[in-house]
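Enquirer: Before we start, here is the structure in question, set down as structure tokens.
The values are calculated or read from the model by the stated rules, or taken from the named source; none is laboratory data. Here the structure is a predicted model, which means the values were calculated and not measured. Because the Cβ atoms are built from the backbone with ideal geometry, glycine has one as well, and the counts that use them run over all protein chains shown. Note: areas computed on protein heavy atoms with side chains; ligands, DNA, RNA excluded. Shrake-Rupley method; radii C 1.70, N 1.55, O 1.52, S 1.80 Å.
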Amino acid sequence: TILLKRGNFSYDVKSIPHTSDKFNANHIHIKDLNAKIALNALNKDSIHAEIKKMSFEESSGFSLKKLALEVSATKDSTVLRHLEIKLPQTNLKIDQAHILTENVDSLPALLNDSPVILDMNPSQICLKDLSAFVPAFRNFSETIELTADISGYINDIFLKQLTLKYSDKMLFVGKMNMKDISDPQKAHLIGEVNKLYI
């Protein structure tokens, strides 16, 4: 078990300028890092580990209140259980995420040929919590209620029984297929709307 309390972490690429109020992967400054991590089993072809709790503040304004998960991995599959992500107004829960990796020998194979299944519990997402990555989200302070049945591949994810509710301002019920999400130039959505009001 690894226990971290009130830790600080910095990473800087000095040749690249800083950006203010926006996350910059070349300048990471984490403070108040707290974590409890357990490595339960490790051998040449499998691992079982848990992040029982992790939290930190990043200089861009991003705040992780809680990250918890359990991971089991072999050469053929990886399973995440009880994934919980808490931000100031966001609470995302995934009961189980399963990815098959038995035929993976490269990154493209992982993205395109490894089946993924997600069991998502009803969750609340506040876009303002992600404004360090997308500054335009600063104006979205109300929470979005999200439920979905998710399966497919990382580069071809199908969200069945998707429900998005934004306060009393918007309701979307339908399906969505997200394709080529690893390539921003090709990424696109295909959707089916069963019910919508704005």
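Enquirer: Given H placed 1.01 Å from N in the peptide plane, which residues other than close sequence neighbours of Lys53 have an amide H under 5 Å from its amide H?
Expert: Under 5 Å from the amide H of Lys53 lie the amide H atoms of Lys36, each far enough along the sequence or on another chain.
Enquirer: Given axes a ≥ b ≥ c from the Cα gyration tensor, I'd like to know whether the range 120-166 is rounded (a/c under 1.5), prolate (a/b larger than b/c) or oblate.
Expert: Working: a/c = 3.17, a/b = 1.60, b/c = 1.97.
Cα axes put the range 120-166 in the oblate bin.
Enquirer: Counting helices only, and only those DSSP H runs with n ≥ 4, report the 222 nm mean residue ellipticity of the chain as the sum of -39,500 (n - 2.57) divided by its residues, in deg cm²/dmol to the nearest 500.
Expert: -1000 deg cm²/dmol
Enquirer: Okay, next question. Which value, in Å² rounded to 10, gives the accessible area of Asp180 with a 1.4 Å probe and all protein chains present?
Expert: My reading of the accessible area for Asp180 is about 50 Å².
Enquirer: What lysines could a cross-link reach from Lys31, if we take a straight Cα to Cα line under 21 Å and drop same-chain neighbours fewer than 8 places away?
Expert: Lys5, Lys14, Lys22, Lys52, Lys53, Lys65, Lys66, Lys86, Lys128
Enquirer: Could you grab the relative contact order for the chain? Cα pairs under 8 Å, six or more apart, rounded to a whole percent.
Expert: Relative contact order comes out at 11 percent.
Enquirer: May I ask you to derive the FRET efficiency for Tyr197 and Glu145 from their Cβ-Cβ distance with R0 = 25 Å, giving the value to the nearest 0.05?
Expert: Working: r = 14 Å, r/R0 = 0.58.
The computed FRET efficiency comes out at 0.95.
Enquirer: Using the Karplus equation 6.51 cos²θ - 1.76 cosθ + 1.60 (θ = phi - 60°), what ³J(HN,Hα) coupling, rounded to whole Hz, does each residue of the range 164-174 give in order, writing x for Gly and Pro?
Expert: 10, 10, 10, 6, 9, 8, 8, 9, 10, 10, x
Enquirer: I would also like to ask the following. Full-extension gain between Ile28 and Glu57, please, as 0.36 nm times their residue separation minus the C-alpha to C-alpha distance.
Expert: Net length gain for the segment: 9.4 nm.
Enquirer: Can you run phi through the Karplus equation (6.51, -1.76, 1.60; θ = phi - 60°) for the range 116-124 and list ³J(HN,Hα) in whole Hz, with x for Gly and Pro?
Expert: 10, 10, 10, 9, 9, 7, x, 10, 10
Enquirer: Using each residue's phi in the range 23-39, evaluate 6.51 cos²θ - 1.76 cosθ + 1.60 at θ = phi - 60° and report the 3J(HN,Hα) Karplus result to the nearest Hz, with x for Gly and Pro.
Expert: Rounded to whole hertz, the list is 4, 10, 5, 8, 9, 9, 10, 9, 10, 6, 7, 10, 7, 10, 10, 10, 9.
Enquirer: With a 1.4 Å probe and all protein chains kept in place, how do Phe133, Phe172 rank by accessible area, largest first?
Expert: Phe133, Phe172
Enquirer: With a cap of 14 neighbouring Cβ atoms within 10 Å, and only residues DSSP puts in a loop, list the GluC sites (Glu not before Pro) found in the range 141-198. Kindly include the intermediate steps, with their values, before the conclusion.
Expert: Numbers: sites: Glu142, Glu145, Glu192; in loops: Glu142.
Sites meeting the loop and neighbour criteria: Glu142.
Enquirer: Taking trypsin sites (Lys or Arg not before Pro) as exposed when DSSP calls them loop (any state but H, G, I, E, B) and at most 15 other Cβ atoms lie within 10 Å, what is the longest stretch of the chain free of them, the sites themselves excluded? The partial results should precede the final answer.
Expert: On the way: sites that count: Lys14, Lys22, Lys44, Lys75, Lys169, Lys186.
Within the chain, the longest run free of exposed trypsin sites (Lys or Arg not before Pro) spans 76-168.
Enquirer: Hey, another quick one. Asp180 label point, 7 Å along Cα→Cβ, cut-off 19 Å on backbone N: hits in the range 101-123?
Expert: Counting backbone N atoms under 19 Å from the label point, the list is 107-114.
Enquirer: Oh, and also: Quick one: accessible area per residue over the range 1-156, 1.4 Å probe, rounded to a whole number of Å²?
Expert: For the range 1-156, the solvent-accessible area averages 60 Å² per residue.
Enquirer: What does the charge count around Ala97 come to, taking other residues whose C-beta lies under 13 Å from its C-beta (Lys +1, Arg +1, Asp -1, Glu -1)?
Expert: Net of charged neighbours comes to -3.
Enquirer: Taking the structure as given and computing percent of Cα pairs over 21 Å apart, which label from (i) 47; (ii) 54; (iii) 64 fits?
Expert: Evaluating percent of Cα pairs over 21 Å apart on these atoms matches (iii).
Enquirer: So, with a 1.4 angstrom probe, what is the percent of accessible area on the chain that is carbon and sulfur?
Expert: 56
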